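Notes to accompany the following structure.
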Amino acid sequence: MNLFAQAVQWILDPLNYVGVNAIPLRVFEHLAFTLVTLVIASAIAIPIGFFIGHTGRGRGLAVSVAGAFRAIPTLGLLTLVALWIGIGLGAPFVALTILAIPPILAGAYTGFEAIDRRTVDAARAVGMSEGQIVRGVEVPLGLPLLIGGIRSAALQVVATATLAAYIADIGLGRYLFTGLKTRDHAEMLGGSILVILLALALEGIFATIQRFVVPRGVISSRSKVVRVRSSRARPMVNSAVEKGTQ
Amino acid sequence: MIEFRSVTKRFTQDAVAVNDFSLVLPSRKITVLVGSSGSGKTTLLRMINRMVDPTSGSIEIDGVDVATLEPVKLRRSIGYVMQNSGLLPHRKVVDNVATVPLLRGVPRKQARLDALELLDTVGLSRTLADRYPSQLSGGQQQRVGVARGLAVNPNILLMDEPFGAVDPIVRAELQQELLRLQQELDKTVVFVTHDIDEAFLLGDQVVILRTGGLVAQIGSPTEILANPVDEFVSSFVGADRGKRSLHLENHGGDDLVVDSEGRLAGVLSTGTKAGTRSGPGAAAQGGVRQ
């Protein structure tokens with residue numbers, strides 16, 4: 001019997017559906033851990049991203065910090081934080097939140113930046129306040145890219161959350177680490193398959209949400225090439241956003 | 001009445017958009033600011049609703065310095081129409097028109113009713129109300145833009161090359177529509193364009209600007225056509241190329257109006273009116289009265 005069949009058999013084994021190591025429980029832990037991480041990372045990254053996107057200020061800093069964050073090896077960071085705050089859930093939370101912030105941040109500000117500056121300018125010119133521009137124009141129009149950022153973060157976190165089991169007794173990573181220790185390759189592969197399935201499921205859900213949040217009026221204009229030509233001097237060139245991109 | 005008092009705007013130390021500009025824009029008239037790119041005309045327009053603040057000098061609306069007014073509140077009291085319509089792509093036509101009234105606290109139902117009425121005013125079918133801007137033609141989008149500008153019933157309407165991006169036929173239609181609206185509504189209109197024919201057609205007062213926000217000439221279309229102050233103005237209005245000096249030629253019994261370069265400007269019609277609007281504007285368009 002090959003390893004893959006053994007892994008499938010391991011997944012289907014009724015014995016793996018009872019006790020503290022039950023598959024549904026581990027899946028739930030894994031998912032809950034992923035979602036909580038995403039929520040915390042979003043709470044940090046979205047307001048900063050919106051601020052950068054709206055004002056154009058701090059973009060350069062955000063790009064380099066986010067780039068640096070992406071380059072941090074997660075396992076190394078996890079070990080470092082664990083040594084600092086000890087064994088438990090805290091270390092993987094910190095490590096994975098740091099992993100999730102860059103894509104969400106980028107999604108938040110690129111979503112704003114992708115909006116036609118003239119639309120925002122017109123909204124301001126008819127008398128929308130800055131808050132109303134953010135809520136009524138920039139957030140709805142930038143939402144698809146933001147969801148895209150969260151989607152990419154979700155994928156990374158759900159896959160990397162297996163590392164949480166390295167420090168704490170949580171999630172599907174448990175199967176990988178025990179399987180590694182006991183040389184139970186079926187358990188390891190079974191656990192991996194579950195992680196992959198979970199990742200695919202999340203990906204599907206976010207892809208659906210992303211399509212769903214594209215405003216209706218924008219969908220119908222997608223394929224149309226809008227003629228853009230202005231012969232007038234562009235005072236908007238001096239807007240903060242333009243400066244930020246230079 | 002809008003008054004510019006020695007207004008200067010520098011974007012950077014070297015880039016002077018507007019230089020010591022003074023002008024009185026009379027109430028209930030159309031004032032057209034015309035000039036080529038970089039003449040500061042849009043900057044001037046945007047200083048009225050504080051989208052741009054002057055470096056020095058002041059702008060007064062009915063004697064009140066706009067610098068003392070809160071920008072958001074000021075903008076909500078002034079209609080603004082821009083070249084690409086500037087509609088919010090994710091909101092339906094009716095919601096776009098009702099945007100500012102809703103911000104000012106008009107109940108949703110009332111705002112919607114008013115918006116539908118405004119669609120009538122600008123000559124759009126109410127069946128378009130629930131469409132999205134991207135589903136309309138360029139001309140229709142501009143009409144929605146005008147309706148939105150009128151939604152708060154402002155005394156002042158700022159129009160920034162509103163007909164610049166539509167084809168010539170629709171443009172002519174929209175120009176006539178604006179003149180009709182103006183007769184009905186009597187707003188103080190500030191209109192920016194780079195098209196001198198459009199300026200002469202629409203303007204009660206025309207301000208010709210040269211690069212760097214310097215005034216070349218201010219006057220009625222008649223005054224400017226009759227007495228261009230310098231070469232720049234006569235070149236700008238096309239007088240130096242003979243575009244404005246017309247004469248008659250008889251071809252097979254019809255009197256044709258021809259400019260000095262021999263280009264056909266129109267046909268002389270006797271006894272009937274040459275256009276929907278006579279006067280200097282019509283003359284600029286090539287119609288001649290007898």
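Annotations for the structure displayed:
Here is a yes/no grid of residues against (1) more than 30 Å from B:V52 (Cβ to Cβ); (2) among the polar types (S, T, N, Q):
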{"residue": "A:G131", "(1), (2)": "no, no"}
{"residue": "A:P140", "(1), (2)": "no, no"}
{"residue": "A:T162", "(1), (2)": "yes, yes"}
{"residue": "A:L189", "(1), (2)": "yes, no"}
{"residue": "A:L194", "(1), (2)": "yes, no"}
{"residue": "A:L197", "(1), (2)": "yes, no"}
{"residue": "A:L202", "(1), (2)": "yes, no"}
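- Complete set of residues in the stretch B:4-16 that are modelled with pLDDT of 90 or more and surrounded by 17 or more Cβ atoms within 10 Å (Cβ to Cβ): B:F4, B:V7, B:K9
- Candidate set: the stretch A:53-75, residues that are part of a loop (DSSP other than H, G, I, E, B) and not aliphatic (A, V, I, L, M); chosen: the one farthest from A:V137 (Cα to Cα): A:P73
- So B:L87, is it within 13 Å of chain A (Cβ to nearest Cβ) and either of a type outside the set (S, T, N, Q) or not in a helix (DSSP H, G or I) (or both): yes
- Each residue in the stretch B:17-48 was checked for being surrounded by fewer than 18 Cβ atoms within 10 Å (Cβ to Cβ) and aromatic (F, W, Y), and 0 pass.
- Pick from the stretch B:212-252, criterion of a type in the set (S, T, N, Q) and part of a loop (DSSP other than H, G, I, E, B), ranking: modelled with the lowest pLDDT: B:S245
- Residue pairs whose Cβ atoms lie under 9 Å apart, sitting 6 or more positions apart in sequence or on different chains, and linking a residue in the stretch A:204-219 that is more than 20 Å from A:I115 (Cβ to Cβ) to a partner that is of a type in the set (D, E, K, R), are A:I205/A:R151; A:F206/A:R151; A:A207/A:R151.
- Just one of (1) outside any helix (DSSP H, G or I); (2) touching a Gly at 6+ places or on another chain (Cβ under 7 Å); (3) in contact (Cβ under 8 Å) with a residue 60 or more places away in the chain fails for A:I115. It is (3).
- Qualifying residue in the stretch A:103-111 (condition: within 14 Å of chain B (Cβ to nearest Cβ), in a helix (DSSP H, G or I) and not β-branched (V, I, T)): yes
- Put simply, of B:L225, B:L214 the only residue that is farther than 20 Å from B:E161 by Cα and in contact (Cβ under 8 Å) with a residue 40 or more places away in the chain is B:L225.
- When the stretch B:21-78 is filtered for residues that are within 21 Å of B:A151 (Cα to Cα), part of a helix (DSSP H, G or I) and under 15 Å from the mean Cα position of the chain (by Cα), the ones remaining, listed by number, are B:L45, B:R46, B:I48.
The values are calculated or read from the model by the stated rules, or taken from the named source; none is laboratory data. Everything quoted here is computed from the prediction, not taken from an experiment. Here the Cβ is made from the backbone with ideal geometry for all residues, glycine too, and neighbour counts use every protein chain on show.
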